[in-house]
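Step one of this worksheet: look at the structure below.
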Amino acid sequence: MAKLTFFPLGNADSILIDLADGKKMLFDFGDQKDRDDPKDKRIDLSDALRKDLKAANRDYYDVFVVTHLDLDHVQRAGEFFWFEHAKKYQGEGRIKFTEMWVPAAIICESGCEEEDACIIQAEARHRFKEGRGIRVFSEPSMLEDWCKKNGVSLKDRAHLITNAGEVVPGLTKDKNGVEFFAHCPFAHRTEKGEELDRHDASLVVQATFEESGVET
């Protein structure tokens with residue numbers, strides 16, 4: 001049976017999903033607890049997730065989802081995760097992820113300034129250039145200009161892109177006990193110099209779980 005763990009207080013509704021087949025998915029990572037403030041009641045998200053992984057005898061997530069780059073959704077990610085794009089973010093104790101899901105705006109936006117957000121963006125761009133370990137959500141046209149500027153064949157990356165209104169490939173109710181349907185984003189670009197509001201470009205999916213023939 002699938003299990004959902006919510007970390008809503010000050011962590012941008014970070015969600016851990018344990019699928020019935022043993023896979024682990026993490027939606028957003030906003031570890032915002034002030035460890036120097038004994039009155040801060042927000043959870044130590046990094047510690048809680050490390051303990052959960054240790055109990056499962058693993059050091060990685062099958063899927064890490066970043067819905068958008070606002071700081072409360074990515075804070076301390078640069079300290080917690082193993083990133084492929086730079087050796088400085090690799091080493092013992094860092095948590096890996098096999099695949100990452102991001103809205104196209106994370107790859108395309110030019111207004112990234114916060115360190116953790118920039119690290120996430122760099123990783124998404126690296127994986128998209130490499131053509132592996134990533135799923136990007138939005139219309140392919142959203143990525144055309146960026147691909148041209150960066151020497152990336154959009155045609156060769158089409159299998160990595162899921163449009164709004166499509167079922168996410170790779171996870172099925174029959175095999176994994178869950179199906180994800182992409183609601184958002186539609187094409188939306190965020191440029192440096194404009195007031196950053198990433199919510200219209202954020203990733204929104206609907207998860208349908210099936211257990212003993214019952215859908216939830």
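The values are calculated or read from the model by the stated rules, or taken from the named source; none is laboratory data. The shown structure was predicted, so the numbers you read here are calculated from the model rather than taken from an experiment. Quick reminder, even Gly has a Cβ in these numbers, built from the backbone with ideal geometry, and neighbours come from all protein chains shown. We work out accessible area using only protein heavy atoms, side chains counted, and drop any ligands, DNA or RNA first. Shrake-Rupley method; radii C 1.70, N 1.55, O 1.52, S 1.80 Å.
Residues of region 188-216 that are modelled with pLDDT under 95, buried (at least 18 other Cβ atoms within 10 Å of the Cβ) and not in a loop (DSSP other than H, G, I, E, B): 201 alone.
Is it fair to say residue 47 is within 20 Å of the chain's Cα centre (by Cα), among the acidic types (Asp, Glu) and either open to solvent by less than 40 Å² (accessible area, probe 1.4 Å) or at positive phi (or both)? No, not satisfied.
Is it fair to say residue 76 is closer than 22 Å to residue 34 by Cα and touching a strand residue (DSSP E or B) at 6+ places or on another chain (Cβ under 7 Å)? It is false that residue 76 is closer than 22 Å to residue 34 by Cα and touching a strand residue (DSSP E or B) at 6+ places or on another chain (Cβ under 7 Å). Of everything in region 67-81 that is open to solvent by less than 30 Å² (accessible area, probe 1.4 Å) and in a helix (DSSP H, G or I), the residue that is farthest from residue 107 (Cα to Cα) is 80.
Conditions (1) more than 30 Å from residue 208 (Cα to Cα); (2) of a type in the set (A, V, I, L, M, F, W, C); (3) not in a loop (DSSP other than H, G, I, E, B), marked per residue:
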site: 126; (1), (2), (3): yes, no, yes
site: 146; (1), (2), (3): yes, yes, yes
site: 164; (1), (2), (3): no, yes, no
site: 171; (1), (2), (3): no, yes, no
site: 181; (1), (2), (3): no, yes, yes
site: 186; (1), (2), (3): no, yes, no
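Note on region 1-40: among residues that are among the polar types (S, T, N, Q) and surrounded by 20 or more Cβ atoms within 10 Å (Cβ to Cβ), the one that is farthest from residue 95 (Cα to Cα) is 11.
Checking each residue in region 34-88 for being among the small types (Gly, Ala, Ser) and closer than 22 Å to residue 204 by Cβ picks out only 77. Taking region 84-107 as the range and being part of a loop (DSSP other than H, G, I, E, B) and touching a His at 6+ places or on another chain (Cβ under 8 Å) as the test, the residues that pass are 84, 85. Filtering region 72-99 to residues that are out of contact with any helix residue (DSSP H, G or I) (no Cβ under 8 Å at 6 or more places or on another chain) and under 18 Å from residue 113 (Cα atoms) leaves 72, 73. Among the residues of region 86-94, is any over 22 Å from residue 62 (Cβ atoms), over 13 Å from the mean Cα position of the chain (by Cα) and touching a residue at least 60 places away in the same chain (Cβ under 8 Å)? Scanning region 86-94, I find no residue that is over 22 Å from residue 62 (Cβ atoms), over 13 Å from the mean Cα position of the chain (by Cα) and touching a residue at least 60 places away in the same chain (Cβ under 8 Å), so the answer is no. Of the residues 133, 151, the single one that is modelled with pLDDT of 95 or more and either in contact with a strand residue (DSSP E or B) (Cβ under 8 Å, 6 or more places away or on another chain) or surrounded by 18 or more Cβ atoms within 10 Å (Cβ to Cβ) (or both) is 133.
Number of residues in region 9-43 that are more than 20 Å from residue 117 (Cα to Cα) and part of a loop (DSSP other than H, G, I, E, B) equals 15.
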